[in-house]
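Inspection log for the structure reproduced underneath, given as structure tokens.
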Amino acid sequence: MTFNGWLQIGLLFLVVLTLIKPLGLYMARVFSGERTFLSPILRPVEAGFYAVSGVDPKKEQGWLSFTLSMLVFNALGFVLLYAILRLQGVLPFNPQGFGAVPSDLAFNTAVSFVTNTNWQSYGGETTMSNFSQMTGLSVQNFLSAATGIALALGVTRAFMRSGASTLGNFWVDMTRATLYVLLPLSIIVALAFVAMGLPQTLDASMTATTLEGAKQTIALGPIASQEAIKQLGTNGGGFLNVNAAHPFENPTALADYLNIISMLSISSALLYMFGQLVGDRRQGWAFVAACGFFLIVGSGIIYWAESAGNPIHLALGLDPTLGNMEGKEIRFGQAMTAVYTAVTTGLSDGGVNAMLGSFTGIGGMIPMFLIHLGEVLPGGVGSGLYGMIVYAILSVFVAGLMVGRTPELLGKKIESREMKLAMLSILILPVAILGFAAISAVLPFAVASIGTAGPHGLSEILYAFTSAAGNNGSAFGGLTANTPWYNTTLGIGMLLGRFAYAVPVMAIAGSIAAKTRVAPSAGTFPTHTPLFVGLLIGIILILGGLQFFPALALGPIVEHFEMLAGQTF
């Protein structure tokens with residue numbers, strides 16, 4: 001590790017910190033229906049959408065109607081995307097001449113992009129036409145992110161209101177999230193990416209002559225536009241097979257910086273927006289502080305583990321000053337690879353600029369563990385916010401047990417109904433991850449898909465289901481996941497991680513909205529102080545550790561000690 005490396009990491013988080021407040025305030029105005037600088041242009045467009053779709057923007061929905069609207073909308077999105085992939089061969093903008101995507105892969109991919117996971121069991125440049133990428137995958141990148149924002153707004157309004165029966169209007173929140181937030185920012189970031197050298201064309205490829213005189217076909221396409229919403233919406237699905245390690249998706253260190261800033265911007269600003277809307281900005285900053293702790297510590301551990309290098313490599317005479325550079329890009333180096341890895345797994349992004357399966361045992365364990373913590377650091381766009389609120393509910397409950405008082409969060413009493421629903425949400429992740437991983441670890445045809453024997457092979461399986469149920473989308477890479485078993489089970493894991501989690505959260509929101517908001521008293525436990533931030537961090541760590549540590553001990557931790565002993569598999 002070097003001073004220069006830490007300086008790069010520090011400057012990155014400083015830039016993100018300066019963006020949180022202005023972007024959070026802007027989104028608070030947008031979702032409160034207030035006028036913004038984009039209103040003269042976008043309000044007529046917004047009104048047009050409502051008129052065409054028959055939506056009354058003044059009519060609000062209860063939690064059940066809100067949730068059902070979300071489920072129906074996403075079910076229709078899945079059907080449409082599945083149809084596009086299956087009919088790819090007869091649809092336009094297919095200069096590559098690709099045929100239909102196989103049914104199990106089409107199911108997996110459609111579920112993946114609808115749930116904001118963007119797990120990819122395929123190589124984009126060898127499987128997907130430009131039409132599928134643009135009208136299928138990129139559109140779902142917008143809609144899945146907007147869905148998360150809409151759900152987060154419903155939960156936010158539950159704490160804003162007193163004795164209420166409604167949480168807003170799903171269709172209005174979806175429309176505003178897309179028009180006022182995701183689309184304008186995507187245009188700006190896409191243009192910046194084009195200026196940095198990312199291709200944006202409908203051409204399928206170009207032919208280059210190598211130094212040896214041979215001909216090489218280089219894949220092209222509308223990469224910059226998909227890259228922008230991929231990162232801003234914390235989707236992570238790359239246009240090209242190797243994702244952000246490819247020079248057409250991430251050509252320079254500056255582009256790498258913009259990728260990471262784009263990932264963190266909206267999710268982090270939503271935490272501040274929550275504090276602004278509920279009338280306590282300190283609450284938003286408390287959530288930001290908890291997320292920042294995990295991201296900084298996670299980046300530091302990965303940086304340390306990879307900079308220390310692999311003793312097996314060093315014994316072969318590799319330069320020890322470079323650390324473990326296997327699977328990494330020289331143009332990014334250890335520091336920016338470490339922070340990119342921590343951010344992309346602390347969020348539900350999944351885009352990677354290195355091969356995670358080539359990391360050391362500890363270096364590979366940390367990104368997996370960050371997903372295990374619930375994708376709330378700050379998590380996916382919207383989903384990270386309502387996931388953090390679930391942990392906050394658990395934290396005030398624990399605090400209430402300690403001092404013998406009824407737990408409260410922002411003036412709302414947390415009672416048995418909210419706790420049961422919160423625990424139901426929390427248990428979805430370990431059931432989906434550990435359940436499917438355990439079955440896959442004993443089925444011969446599932447084990448045959450791993451690329452490496454021993455603990456690393458177990459890590460490949462564990463990481464796959466961790467990424468799927470956590471709606472992350474990154475992978476260790478050694479697992480051959482494009483099989484009927486993995487395409488199906490990973491798809492089911494994605495659905496559970498997204499919707500089986502969101503439904504009880506919305507039920508919590510409906511219950512809390514109906515409660516009377518009480519003023520803080522001398523006995524109220526403040527939830528914006530460093531003490532609460534520490535308690536919140538502890539609850540997140542304890543739940544992640546208790547649920548997943550035994551599995552991690554059999555995989556990456558064993559691999560770490562085997563590496564120190566000089567053993568390979």
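Tabulated results
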item: Any hit, the range 507-515, residues being of a type in the set (Lys, Arg), out of contact with any Pro (no Cβ under 8 Å at 6 or more places or on another chain), in contact (Cβ under 8 Å) with a residue 40 or more places away in the chain and surrounded by fewer than 24 Cβ atoms within 10 Å (Cβ to Cβ); result: yes
item: Residues of the range 177-235 that turn out to be closer than 30 Å to residue 149 by Cβ, polar (S, T, N, Q) and surrounded by fewer than 24 Cβ atoms within 10 Å (Cβ to Cβ), as a count; result: 3
item: Leading residue by the ranking (farthest from residue 2 (Cα to Cα)) among those in the range 310-326 that are surrounded by 16 or more Cβ atoms within 10 Å (Cβ to Cβ) and touching a residue at least 40 places away in the same chain (Cβ under 8 Å); result: 312
item: Residues of the range 42-70 classified as more than 20 Å from residue 165 (Cα to Cα), of a type in the set (A, V, I, L, M, F, W, C) and either touching a residue at least 60 places away in the same chain (Cβ under 8 Å) or not in a helix (DSSP H, G or I) (or both), total; result: 3
item: Some residue of the range 198-215 being on the phi < 0 side of the Ramachandran plot and in a helix (DSSP H, G or I); result: no
item: Within the range 408-450, considering residues that are among the small types (Gly, Ala, Ser) and out of contact with any helix residue (DSSP H, G or I) (no Cβ under 7 Å at 6 or more places or on another chain), the one surrounded by the most Cβ atoms within 10 Å (Cβ to Cβ); result: 411
item: The listed residue being part of a loop (DSSP other than H, G, I, E, B) and crowded, with 18+ Cβ neighbours inside 10 Å, out of 140, 120; result: 120
item: Count of the range 189-218 residues which are under 17 Å from residue 139 (Cα atoms), of a type outside the set (Gly, Ala, Ser) and at pLDDT 95 or above; result: 1
item: Identity of the residue in the range 37-64, within 29 Å of the chain's Cα centre (by Cα) and more than 21 Å from residue 181 (Cα to Cα), that ends up surrounded by the most Cβ atoms within 10 Å (Cβ to Cβ); result: 63
item: Qualifying residue in the range 483-494 (condition: surrounded by fewer than 21 Cβ atoms within 10 Å (Cβ to Cβ) and of a type in the set (A, V, I, L, M)); result: yes
item: Among the candidates 525, 476, 548, residue that is more than 22 Å from residue 360 (Cα to Cα), surrounded by 19 or more Cβ atoms within 10 Å (Cβ to Cβ), of a type in the set (A, V, I, L, M, F, W, C) and in contact with a helix residue (DSSP H, G or I) (Cβ under 6 Å, 6 or more places away or on another chain); result: 525
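To keep it simple, each residue is scored yes or no on (1) modelled with pLDDT of 95 or more; (2) part of a loop (DSSP other than H, G, I, E, B).
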| residue | (1), (2) |
| --- | --- |
| 136 | no, no |
| 149 | yes, no |
| 153 | yes, no |
| 156 | yes, no |
| 164 | no, yes |
| 167 | yes, yes |
| 171 | yes, no |
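The values are calculated or read from the model by the stated rules, or taken from the named source; none is laboratory data. Small disclaimer: the values here were computed from a predicted structure and weren't measured. Glycine also receives a Cβ, built like all others from the backbone with ideal geometry; neighbour counts cover every protein chain displayed.
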